[in-house]
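Working notes, structure below.
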Amino acid sequence: MNSPTLHLPVAQIIPATAQGAATFTTGGRVIKCPDMTMGQVRESVFVGGGITGCPDWQVDFCSMVIQAVTAARKDMAFELFNPRRDNFPIDDPNASYEQIRWEWNLLKAAKAVSMWFPKHSEGPISLFELGRWLCNPKPIYVGIENGYPREIELRASVEALRPGLPISTSLELHAAAVANYVLGRGYNRATAVRHGEPNPGRVYLAGGIKECPDWQNDLEKLLSGIEGLSTCNPRVAGFIPRSSDDYTNMVKENRRNLESCGAVIFWFPKNMLTPVALCELGAEIARERPLFIGIEEGYKRSVDVQVQTGLERPDIQIVNSLEDLAHQVRGYYESLRRGVSSSAQP
């Protein structure tokens, strides 16, 4: 039985000229959500990172970047896209969607991306956005405050997706790195890695592991009997990393295995606590290979997954049960056997 699918509209980037773009010649300008009056400037940076439950670090960061740039070049015109609103309309049921859509538009419009992870929040939306843009050639800057609750997992994910990318450890160092980029002093050109050609008959099972039931085993049983299909399961029974290096090596190995697969399944169980799978989803969602997503009722980041997926991949139908995920995958591979190959979901 198919569960209800979730469809969301696709947002389009609104050209700056259509918004009455600001005309200024020198200095830095901060554009805050929901404003989209972008100017015609050489450099622009999206100021991504924690908002909910976090102090307004964005105002300090923007101030430091503007001061550093203007001290070196008073004639430099640039923009910083700040997603923190002055007043978030908490009573507006559409506010979360509009917030994510604004961020999606401005991330695409920005020439570079900055991501700062303060210790006060895991920043699940920021983790998705990080994964999405680590796999893009656009310059990206990452900083993690000491005490961030998922630092080991986040560092491992960055290293797996873009090896060698520097990670700032203070807001001051992070602002200095972004200011140097705006000034044209170069940036670390670490690029996303690819691990050969994927096997069309192999599917990767991504999603919750820690403190989650073994849904991978249940799904593998549901997928059994599909001709030519094999699964890649990242769950390792009894795995206890002895160090951050152990964890990083495991994440890298999982990434290599994922890259070897022709399709990817994501399942978000309701009792899933770690949001790092959102980073993995962000990294995968811009790819053209088949992607199947399921969300168990009660998963607390359900809206985030639905909105981000609807913006990036409107062809994907999100389902609410493992049975429906298996049904989608079975239908897709049956269509392949019939010679009806497509990147869209069945």
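For the reader, a short list of remarks on this structure follows.
- Residues located in the range 146-179, provided they are closer than 25 Å to Glu79 by Cβ, open to solvent by 50 Å² or more (accessible area, probe 1.4 Å) and either touching a helix residue (DSSP H, G or I) at 6+ places or on another chain (Cβ under 7 Å) or in contact (Cβ under 8 Å) with a residue 60 or more places away in the chain (or both): Glu172
- Residue check for Ala190: open to solvent by 10 Å² or more (accessible area, probe 1.4 Å), among the hydrophobic types (A, V, I, L, M, F, W, C), farther than 14 Å from Glu280 by Cβ and part of a loop (DSSP other than H, G, I, E, B): yes
- Hey, Leu107 open to solvent by less than 10 Å² (accessible area, probe 1.4 Å), aliphatic (A, V, I, L, M), closer than 22 Å to Thr248 by Cβ and assigned to a helix (DSSP H, G or I) or not: no
- Residue check for Glu153: modelled with pLDDT of 95 or more and assigned to a helix (DSSP H, G or I): no
- Verdict on Glu253 being open to solvent by 60 Å² or more (accessible area, probe 1.4 Å) and assigned to a helix (DSSP H, G or I): yes
- Residue count for the range 220-250, restricted to those that are under 17 Å from Glu284 (Cβ atoms) and either in a loop (DSSP other than H, G, I, E, B) or out of contact with any strand residue (DSSP E or B) (no Cβ under 8 Å at 6 or more places or on another chain) (or both): 2
- Checked against the criterion of being outside any helix (DSSP H, G or I) and in contact (Cβ under 8 Å) with a residue 12 or more places away in the chain, the range 124-134 contains not a single residue that satisfies it.
The values are calculated or read from the model by the stated rules, or taken from the named source; none is laboratory data. Quantities reported herein were computed from a predicted structural model and do not represent experimental measurements. All Cβ positions, glycine included, derive from the backbone under ideal geometry; neighbour counts span all protein chains shown. Ligands, DNA and RNA are excluded from the accessible area calculation, which covers all protein heavy atoms including side chains. Shrake-Rupley method; radii C 1.70, N 1.55, O 1.52, S 1.80 Å.
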